[in-house]
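The values are calculated or read from the model by the stated rules, or taken from the named source; none is laboratory data. What you see is a predicted model; the values in this text were computed from it and never measured. Virtual Cβ from ideal backbone geometry, glycine too; neighbours counted across all protein chains shown. Areas reflect the complete protein model, heavy atoms only, side chains present, ligands, DNA and RNA absent. Shrake-Rupley method; radii C 1.70, N 1.55, O 1.52, S 1.80 Å.
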Amino acid sequence: MQSAALRQLGALQDGLDHFEAGHMDAAALSQQARSYTDLLGALPPQFQEVLLQLLDRLESSALFDEESCSFSRKDLVDSLRLWLKKADARLSATA
């Protein structure tokens, strides 16, 4: 399961890169992340809670202009990158 979780983590990093480049929308990124049950199952429950909150905010921000939304897309992408970094560190520590 650890190798599947690491593969899914890498795929999620790629998905975030595609999202940031404009090749994927927020809904597709969110659906991708939510489907990675091996990744989410290999991490403590707090990781899932934080990821789901970030994804909800990202999807909400897609409904509004950057100026009218209380969630900055850049800040959310930065927070998702930080989540990925911490998830990688947690998975690497238990490998």
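Express in nm, to one decimal, how much length is gained between HIS18 and ALA62 on full extension, taking 0.36 nm for each residue of separation and deducting their alpha carbon distance.
Between HIS18 and ALA62, full extension yields an extra 14.3 nm.
Got a sec? Charge dipole of the chain, +1 on Cβ for Lys and Arg, -1 for Asp and Glu; which of HIS18, TRP83, LEU43 is way out at the positive end?
LEU43
In the neighborhood of GLN46, defined by Cβ-to-Cβ distances under 11 Å, what is the net charge if each Lys or Arg adds +1 and each Asp or Glu adds -1?
+1
Let's see if you can work this out: charge +1 on each Lys and Arg Cβ, -1 on each Asp and Glu Cβ, no other charges. What is the dipole magnitude of the chain about its Cα centre, in debye to the nearest 20?
440 debye
So how much slack lies between THR37 and ALA4, counting 0.36 nm per residue of separation and subtracting their Cα-Cα distance, in nm?
10.9 nm
Counting only Cα, what are the radius of gyration and maximum Cα-Cα distance Dmax of the chain, in Å?
13.1, 43
Taking only the alpha-carbon positions of the stretch 1-47 and ignoring solvent, what does the Debye formula give for the base-10 log of I(q)/I(0) at q = 0.19, 0.20, 0.21 Å⁻¹?
-0.58, -0.63, -0.68
Given a 1.4 angstrom probe, I'd like the percentage of the accessible area of the chain that is carbon and sulfur, rounded to a whole number.
The value for the chain is 51 percent carbon and sulfur by accessible area.
Distance in nm between label sites at ALA28 and ASP88, each 7 Å beyond Cα in the beta-carbon direction?
Calculated label separation equals 2.3 nm.
Given 0.36 nm per residue, what is the gain on full extension from GLN46 to ASP75 after removing their alpha carbon distance, in nm?
Taking 0.36 nm per residue and subtracting the Cα distance, the gain is 8.4 nm.
Roll a 1.4 Å probe over the protein chains and send me the accessible area per residue for the stretch 4-95 in Å².
Using a 1.4 Å probe on heavy atoms only, each residue of the stretch 4-95 averages 58 Å².
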